[in-house]
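First the structure, in the form of structure tokens, and then the observations on it.
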Amino acid sequence: QVQLVESGGGLVQPGGSLRLSCAASGSIFGIYTMGWYRQAPGKLRELVATITRGGNIDYADSVKGRFTISRDNAKNTVYLQMNSLKPEDTAAYFCNLHLIRGVDSGSDYWGQGTQVTVSS
């Protein structure tokens, strides 16, 4: 079983910054993409950013220029630096690991989520 543990969420004022971390542990064999998704109450879960092992990155249009995703392959950890936060960024943020090569290719693993609230 793969376990993802997020940290770094909290309450910040508009324009503030937070850095989220997600550490993966367990039986991980293969190549995988890691990323961040978010979900506000009553809304669908949406992609925020993803990053491959080689460093290819994809951002949602709504966060481009404000958020930065990075990855430490040795630590199986992904980060999300969030700057210039807006109230509309308020959501539960979920870490995702998608296995693209390995015995369980195609599997998705999710963290429990960390709450980000942007409010004055």
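For the chain, the relative contact order is 36 percent, taking Cα pairs closer than 8 Å that sit 6 or more residues apart in sequence and dividing their mean separation by the residue count.
Per-residue Karplus couplings for the range 100-110, computed as 6.51 cos²θ - 1.76 cosθ + 1.60 with θ equal to phi - 60°, are listed in order as 9, 8, x, 4, 10, 3, x, 6, 10, 10, 10 Hz, Gly and Pro entered as x. Taking only the alpha carbons of the range 18-104, we obtain Rg and Dmax values of 13.2, 41 Å in that order.
Take 66-73, 89-96, 40-47, 104-111 and order them by the average number of nearby Cβ atoms within 10 Å per residue, most first; the result is 89-96, 66-73, 104-111, 40-47. Distance from the C-alpha centroid of the range 1-77 to that of the range 84-101: 5 Å, rounded to the whole angstrom.
Charges were assigned to the Cβ only: +1 to each Lys and Arg, -1 to each Asp and Glu. The resulting dipole of the chain about its Cα centre is roughly 160 debye.
Extension gain, W110 to K86: 0.36 nm times the residue separation minus the Cα-Cα distance gives 6.2 nm.
The accessible surface of the chain, taken with every protein chain in place and a 1.4 Å probe, is 47 percent carbon and sulfur. Modelled spin-label separation between N73 and A60, with each label point placed 7 Å from Cα along the Cα-to-Cβ direction: 2.8 nm. For a test of the definition: using alpha carbon positions, the gyration tensor, and the 1.5 limit on a/c, classify the range 28-69 as rounded, prolate or oblate. Cα axes put the range 28-69 in the oblate bin. Of all beta bridges that DSSP places with both ends in the chain, some 95 percent have antiparallel geometry. Backbone geometry of the range 40-57 corresponds, through the Karplus equation with coefficients 6.51, -1.76 and 1.60 at θ = phi - 60°, to 3J(HN,Hα) couplings of 8, x, x, 10, 6, 5, 10, 6, 9, 6, 9, 8, 8, 4, x, x, 6, 10 Hz, x marking Gly and Pro.
The values are calculated or read from the model by the stated rules, or taken from the named source; none is laboratory data. Everything numeric here is computed off the predicted structure, so don't read it as measured data. Here Cβ is always computed from backbone atoms with ideal geometry, including for glycine, and neighbour counts include all displayed protein chains. Side chains are part of the model used for accessible areas, which takes the heavy atoms of the whole protein and leaves out ligands, DNA and RNA. Shrake-Rupley method; radii C 1.70, N 1.55, O 1.52, S 1.80 Å.
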